[in-house]
1. What ranking do 89-96, 42-49 get when scored by the average of other Cβ atoms within 10 Å per residue, highest first?
2. What are the ³J(HN,Hα) couplings of the range 99-111, residue after residue, when phi is run through the Karplus curve with 6.51, -1.76, 1.60 and θ = phi - 60°? Round to Hz, x for glycine and proline.
3. Could you pull out every residue, at least 5 positions away or on a different chain, whose amide H is within less than 5 Å of the one on E72? Hs are placed 1.01 Å off N in the peptide plane, and Pro or chain starts have none.
4. Near the amide H of C28, under 5 Å away, which other amide H atoms are found, from residues 5 or more places off or on another chain, if H is placed in the peptide plane?
5. Considering amide H positions built from the backbone, and no H for Pro or chain starts, which residues 5 or more places from G103, or on another chain, come under 5 Å of its amide H?
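Read-outs throughout are calculated quantities, based only on the coordinates presented, and are distinct from any laboratory measurement. Nothing here was measured: the structure is a model prediction, and the numbers come from that model. Virtual Cβ from ideal backbone geometry, glycine too; neighbours counted across all protein chains shown.
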Amino acid sequence: MTTVGDVVRGALAELGPEASALARVRLCLRPEPSDEDLARGCDPEQLGAFWGIPRELGRPGQLALPDYADPEGEIVIFWANLRPLNAATMRHVLHHELMHALGYDEDEVEAMGLGACALEAERCCS
């Protein structure tokens, strides 16, 4: 039986050395966005969120930490919104939010194949 912890460890292992940059990012699992999450801008159907300071990736004008500093904050996965709730979906959403913690914006994450459209295609194929 695969546990949520197994899925998280597997997703971090797939990131390789980049995962070490996330040592100061807390991972939380909630069934759905809390009132605080909604006040911060979450949609009630949102799958996950990264709240915090991302790592700087050298883009001019981006307010973030310098390249040598670890990102800080919290990744939240809203597990009741994951359909289907399985290892592949959890891994996809976790990787998506990890990329935000590393400083990638939504367009860049989408270009990596980690956006909502890729998740929809994955659902159709699995």
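1. Numbers: 89-96: 21.8, 42-49: 17.5.
Going by the mean number of other Cβ atoms within 10 Å, highest first, we get 89-96, 42-49.
2. Going residue by residue, I get 5, 5, 4, 7, x, 7, 7, 4, 5, 5, 5, 4, 5 Hz, with x marking Gly and Pro.
3. Those qualifying (amide H under 5 Å, at least 5 residues apart or on another chain) are I53.
4. Amide H neighbours of C28: I75, V76, I77.
5. R55
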